[in-house]
Amino acid sequence: MAKSLPSLDNTKLLKSDLDKYAGDWVTHLQLISDFLKPGEGVWWKEVDDSIEFLDGPDKLHHFRSTSIPSEQELLDACSNECLVEKVKLPATKLRDDNGK
């Protein structure tokens, strides 16, 4: 039955919503930093007043080939690399180390 369902469109988030929930959004971006590291146009793009995620069936990691601690280490490293390399992020506001 699942095969008969229509395919889903890409996920689009309004920039105004990203502003409204900036703190939560930054936390989420840290959790998907491996998708952000390649930069704009690979897994996401900016479109007018929104951010569009290029959702697809491909996964970077299979859940059986990793552990939660190793995945957290990978994501922390990717998040830090994004900041050091000044990778463009799909965010309108970022918090500093003081949470501001």
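The values are calculated or read from the model by the stated rules, or taken from the named source; none is laboratory data. None of the values given here were measured: they were computed from a predicted structure. Backbone-built Cβ (ideal geometry, glycine too); neighbour counts: all protein chains shown.
Observations
- Contacts under 7 angstrom Cβ, first residue in the range 69-86 being without any contact (Cβ under 8 Å) to a residue 60 or more places away in the chain, partner surrounded by 13 or more Cβ atoms within 10 Å (Cβ to Cβ) and of a type in the set (Lys, Arg), 6 or more apart: Cys78/Lys37; Glu81/Lys37; Cys82/Lys37
- Contacts under 8 angstrom Cβ, first residue in the range 24-53 being within 14 Å of Lys93 (Cβ to Cβ), partner assigned to a helix (DSSP H, G or I) and not hydroxyl-bearing (Ser, Thr, Tyr), 6 or more apart: Trp25/Leu18; Leu29/Leu36; Ile51/Lys15; Ile51/Leu18
- Residue in the range 1-29 that is modelled with the lowest pLDDT, counting only those that are hydrophobic (A, V, I, L, M, F, W, C) and touching a strand residue (DSSP E or B) at 6+ places or on another chain (Cβ under 6 Å): Leu13
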